[in-house]
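The block underneath contains the structure these notes are about, expressed in structure tokens.
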Amino acid sequence: MRWEGNDQSDNVEDRRSSGGGGGFPIGGRGIGLGTVAIAVVAGLIFGVNPLTILGLLSGGAPTEVVQQQGPAQAPPADDREAAFVSTVLRNTEEVWGKVFQANRATYQQPRLVLYRGVTPTACGTGQSAMGPFYCPGDKKIYIDLGFFDTLKQQLGAPGEFARAYVIAHEVAHHVQDQLGVTGRVDAMRGRISQSQQNELSVRVELQADCFSGVWAHHSQQSKQWLEPGDIESAMNAAAKIGDDALQRSAGRAVVPDSFTHGSSAQRQRWFATGYKTGSVQACDTFSADRL
Ligand SMILES: [Zn+2]
């Protein structure tokens, strides 16, 4: 991906030098290591809201939000990894801004927080073990850049465009929030069984994968910055973080009822659908008969 030299977003907040680093949540109720281990399995897959998972597992209210000290900081200009994230984020702002405009709506840009270890969020304490996530409560995406090493080394998904897909997937959860999908889904959660909740979660996640593909489509149309192998590296990442692949690699039995993000094949299919069509309407995973 030829991303150098393109515009960067002003919405990146760098918390990497403030606190964090340790393995323990700041403030609020502590979350035990056992819980974290379970949450890793459930949330490493860019959960729709892994904090919800943690909230459920620790049996109650999310941990209290600790206010940041001082103003938000932008990442240093010579930080290449941060520059990459910032460039991709900027492009998602351009693409979604236009898509919303074409539908006579206004896209509110999310902020993206770079952190290390743990960080306070409006959804409770964010932890890098959960993987990147989006918090609808503060409209922020949280990423510990260490996840990109995990993606490459442990999950077997190298490549810059695999990283771009991860960022685009979290941005897609923000788009879902803006479209009212998140609110409607949350309203249903209390009234349905666990397996129905899982199925709903899969549809939310596959739609986010499809939206990532929609972004990739428009991004490439305007920038022509993809190189041979880029789409393949995103498709490979989609496969490596499928629920079946993760369960298999954790040495567990594959249990489709427990899926929350979709199988490898489904994640690939929906990303590809978004990429081929560039259409938000093509991403209606909620009324699709076959996922
Ligand atoms: Zn997700």
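The values are calculated or read from the model by the stated rules, or taken from the named source; none is laboratory data. Computed from a prediction, not measured in an experiment: that's the story for all the values here. For neighbour counting, all protein chains shown are included, and Cβ atoms are generated from backbone atoms with ideal geometry for every residue, glycine included.
Is there a residue in the range 200-220 that is without any contact (Cβ under 8 Å) to a residue 40 or more places away in the chain, within 16 Å of the ligand (Cβ to nearest atom) and within 19 Å of the chain's Cα centre (by Cα)?
yes
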Arg104 fails exactly one of (1) touching a Phe, Trp or Tyr at 6+ places or on another chain (Cβ under 9 Å); (2) within 21 Å of Asp177 (Cα to Cα), namely (1)
Of the candidates Gln196, Gln224, the one satisfying the condition of being exposed (fewer than 15 other Cβ atoms within 10 Å of the Cβ), of a type in the set (S, T, N, Q) and farther than 27 Å from Glu94 by Cα is Gln196
- Message: Criterion first (of a type outside the set (Gly, Ala, Ser) and modelled with pLDDT under 95) does Arg163 satisfy it?
- Response: no
Counting only residues in the range 86-128 that are in a loop (DSSP other than H, G, I, E, B) and polar (S, T, N, Q), the one modelled with the lowest pLDDT is identified as Asn103
For the range 175-195, the count of residues that are farther than 17 Å from Ala105 by Cβ and either within 12 Å of the ligand (Cβ to nearest atom) or in a helix (DSSP H, G or I) (or both) equals 7
When every residue in the range 120-176 that is surrounded by 20 or more Cβ atoms within 10 Å (Cβ to Cβ) and among the acidic types (Asp, Glu) is compared, the one nearest to Ile231 (Cα to Cα) is Glu170
Across the range 131-165, the tally of residues that are hydrophobic (A, V, I, L, M, F, W, C) and in a loop (DSSP other than H, G, I, E, B) stands at 3
Looking at the structure I just gave you, is Ala172 under 22 Å from Tyr134 (Cβ atoms), assigned to a helix (DSSP H, G or I) and within 16 Å of the ligand (Cβ to nearest atom)? yes
Of those in the range 221-256 that are β-branched (Val, Ile, Thr) and within 25 Å of Asp284 (Cα to Cα), the residue nearest to the ligand (Cβ to nearest atom) is Ile241
Flagged in the range 250-268 as free of Cβ contacts under 8 Å to residues at least 60 places away in the same chain and in a helix (DSSP H, G or I), in numbering order, are Pro256, Ser264, Ala265, Gln268
Contact list, first residue from the range 166-181 and within 21 Å of Ala272 (Cβ to Cβ), second anywhere and more than 12 Å from the ligand (Cβ to nearest atom) and of a type in the set (A, V, I, L, M), beta-carbon distance below 6 Å, six or more apart or interchain, is Ile167/Val88
